[in-house]
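J.: Attaching a single structure in structure tokens format; questions to follow.
The values are calculated or read from the model by the stated rules, or taken from the named source; none is laboratory data. It should be emphasised that the depicted structure is a prediction, and the values quoted were computed from it without experimental measurement. Cβ coordinates were reconstructed from backbone atoms using ideal geometry, including for glycine residues, and neighbour counts include every protein chain displayed. Heavy atoms of the whole protein, side chains included, go into the accessibility calculation; ligands, DNA and RNA do not. Shrake-Rupley method; radii C 1.70, N 1.55, O 1.52, S 1.80 Å.
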Amino acid sequence: MSEATERASAHLPMAERTVPAMLRGAAEQHGDRELVRFEGVSWSYRETERIAARAAQRLRESYGIGRGDAVALLVRNRPEFLEIVLGTAWLGAVSAPLNVAAKGEQLRHMLANSGASVVFAEEDLVDRVREADASLRIVLVGAPAEAGEGWSLADAAADPVPVGPGDPFAILYTSGTTGLSKGVVCPHAQYYWWAHHNISLLEIEADDVLLTTLPLFHTNALSAFVQALRAGAKIVYETRFSASGFRRSMTESGATITFLLGAMVPILLTTPEQDDDADIPLDRVLAPGVPEQVADQFAERFGIRLIDGFASTESNFVIGSRAGERRPGWMGTVQEGFEVRVADEHGDEVPDGTPGELLLRAREPYAFSLGYNRMPEATVAAWGNLWLHTGDRVLRNEDGYFKFVDRLKDVIRRRGENISSFEVEEALLRHEAVEAVAVFPVGSDLAEDEVMAAVVVKQGQSLAPEALLDRAQEFLAYFAVPRYVDFVTELPLTENGKVRKFVLRERGVTASTWDREAAGYVLRRD
């Protein structure tokens, strides 16, 4: 770690581990240096602090927001999002950013759970809010003045309201794929620790430029702001991920660090190669959970260093390794300040090399979330025996490196064998014609699971299911080879690029699904 990175990751006193305190400290230290850039908008460190104070004044005088109040947002990546969130934190209030894809019952639940009386929403999303709860006050974001009540900064600046490191900063909602969305209550100091560990593992320097296309209503993009703030670096936000525009974005922004999730890396590899792919300024990419062979292809093509790891909205950057310590296919080691246990169904630790559920604890105050908003039973269930139960199956080797195996709910049980959908996906992705794949269980006449794969083929290529399985069998035990294959044009994805497997499970086997048993395809047993 360089001296600059060490300085950026040096610990602040406990009372200063809040967003307003970090804003004030960074403004004093870095002044007129650029901190934030959206398309057509640029803020210096000093301007960002004043924007927070002016937004706080508007929130207080126009909408009656005060300490402890919740403010909901249905807003995409744009400057007003940060204005409202920072202004809310300045007042000691709590932001509740909502997924802009939410609608109907899901949106109704999130709005009610947040406790917000005011919702800031873009014009095309207002009707959704009205349908969910007509009693809420709606403030338009980014709309022309004649459209009605709209958001703007006040001319005056409010004094910051004293807040502590354990006070709530934001309520971030899970996808709710297995039930009602849960609002993760994130304290101020959790974002301090997000910044600390990202600065350390990504080796962020003051001359780095961070760029993200991930949505600000998720913790990754929101924490990237605090990472830049603490490191004295710059953060560039873009409205959406574009594979075709990736090289242009990195070149024009001068980005040295970016953040990629889920299907983004395989999608980028499908774009036409260029001789100067490795000449872009990008140097480090945080890309957790990317299959090993795909990650290696990406790193070589674009000349970048990859960082893997484990983090969640409820926890922090708990497991990871710097680029020079990376082991392909492994997430990394436990970072300072955390405890990790790989456990069986009773919470008892299993030996190294044995898969088990990943359980986490933080030694530092407020490094993890405070629980689920207004859902005490869900909070107690998730923090059983005072360990955060992640729902992920991992294994640890004797050197302390961790490997992701599967989500517990995605483990497939077939003929008495446990099959990792993640490992099957990795095998199928080894076929050069496969762009993306999702593997999931479907019902069987034998009261167990059958393995099914939804496969997206690269544009301009063709692929027979027999050829796909021929290749997969080189890397899989016979019992893990999918029985069913569905060729699809796209996979259902969340806003941050994760596959919505519950959609695929619910759809199951259809008339167009290829069945290897019906087709007479013979598995090798060698």
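J.: Restricting to region 419-446, give me the number of residues that are open to solvent by 70 Å² or more (accessible area, probe 1.4 Å) and touching a residue at least 40 places away in the same chain (Cβ under 8 Å).
T.: Result for region 419-446: 2.
J.: Would you point out the residue of region 344-364, among those that are closer than 14 Å to Leu386 by Cα and either without any contact (Cβ under 8 Å) to a residue 24 or more places away in the chain or not aliphatic (A, V, I, L, M) (or both), that is least open to solvent (accessible area, probe 1.4 Å)?
T.: For region 344-364, the residue satisfying everything is Gly347.
J.: On to the next question. Can you run down the residue pairs with Cβ atoms below 6 Å, 6 or more apart or on separate chains, where the first is in region 475-489 and more than 14 Å from Val522 (Cα to Cα) and of a type outside the set (A, V, I, L, M) and the partner is at pLDDT below 95 and crowded, with 17+ Cβ neighbours inside 10 Å?
T.: Phe475/Ala427
J.: Here's another thing I want to ask about it. Determine whether region 459-472 contains at least one residue that is under 28 Å from the mean Cα position of the chain (by Cα) and either modelled with pLDDT of 90 or more or open to solvent by less than 70 Å² (accessible area, probe 1.4 Å) (or both). Break it down stepwise before answering.
T.: Step one: list which residues in region 459-472 are under 28 Å from the mean Cα position of the chain (by Cα), which gives 459.
The next check asks that each one be either modelled with pLDDT of 90 or more or open to solvent by less than 70 Å² (accessible area, probe 1.4 Å) (or both); those that pass are 459.
Yes: one or more hits.
J.: For region 91-106, does any single residue satisfy the condition of being more than 22 Å from the chain's Cα centre (by Cα) and at pLDDT below 95?
T.: Yes, that holds for at least one residue.
J.: Moving to a separate point now. Would it be correct to say that Val481 is under 19 Å from Gly508 (Cβ atoms) and not acidic (Asp, Glu)?
T.: Yes.
J.: Quick test for you: out of Ala195, Ala224, pick the one residue that is assigned to a helix (DSSP H, G or I) and closer than 16 Å to Phe81 by Cβ.
T.: Ala224
J.: Considering region 398-411 alone, what residues qualify as being free of Cβ contacts under 8 Å to residues at least 60 places away in the same chain and either within 27 Å of Leu269 (Cα to Cα) or open to solvent by less than 40 Å² (accessible area, probe 1.4 Å) (or both)?
T.: Val405, Asp406, Arg407, Val411
J.: Same structure again: Inside region 14-32, can you point out the residues that are closer than 24 Å to Ala255 by Cα, part of a helix (DSSP H, G or I) and open to solvent by 20 Å² or more (accessible area, probe 1.4 Å)?
T.: Of everything in region 14-32, those that are closer than 24 Å to Ala255 by Cα, part of a helix (DSSP H, G or I) and open to solvent by 20 Å² or more (accessible area, probe 1.4 Å) turn out to be Gln29, His30.
J.: Give me the pairs: first residue in region 53-66 and polar (S, T, N, Q), second residue surrounded by fewer than 21 Cβ atoms within 10 Å (Cβ to Cβ) and not in a helix (DSSP H, G or I), beta-carbon distance under 7 Å, and six or more apart or on different chains, which are they?
T.: Gln57/Ala154; Gln57/Ala156; Gln57/Ala157; Gln57/Ala158
J.: Name every residue in region 478-526 that is of a type in the set (Asp, Glu) and either under 28 Å from Leu408 (Cβ atoms) or buried (at least 17 other Cβ atoms within 10 Å of the Cβ) (or both), in order of residue number.
T.: Once the filter is applied, which keeps residues that are of a type in the set (Asp, Glu) and either under 28 Å from Leu408 (Cβ atoms) or buried (at least 17 other Cβ atoms within 10 Å of the Cβ) (or both), region 478-526 yields Asp486, Glu490, Glu495, Glu506, Asp515, Glu517.
J.: Go through region 365-397 residue by residue and tally those that are β-branched (Val, Ile, Thr) and either in contact with a Gly (Cβ under 6 Å, 6 or more places away or on another chain) or open to solvent by 60 Å² or more (accessible area, probe 1.4 Å) (or both). Break it down into steps so the answer makes sense when it comes.
T.: Start the filter on region 365-397 by keeping residues that are β-branched (Val, Ile, Thr), which leaves 379-380, 390, 394.
If we keep only those that are either in contact with a Gly (Cβ under 6 Å, 6 or more places away or on another chain) or open to solvent by 60 Å² or more (accessible area, probe 1.4 Å) (or both) too, we end up with 379-380.
Total meeting the criteria: 2.
J.: Any residue in region 217-234 that's on the phi > 0 side of the Ramachandran plot: show its pairings with residues that are open to solvent by 10 Å² or more (accessible area, probe 1.4 Å) at Cβ separation under 6 Å, as long as the two are six or more apart or on different chains.
T.: Note: pairs meeting the criteria are Gly232/His30; Gly232/Ala206.
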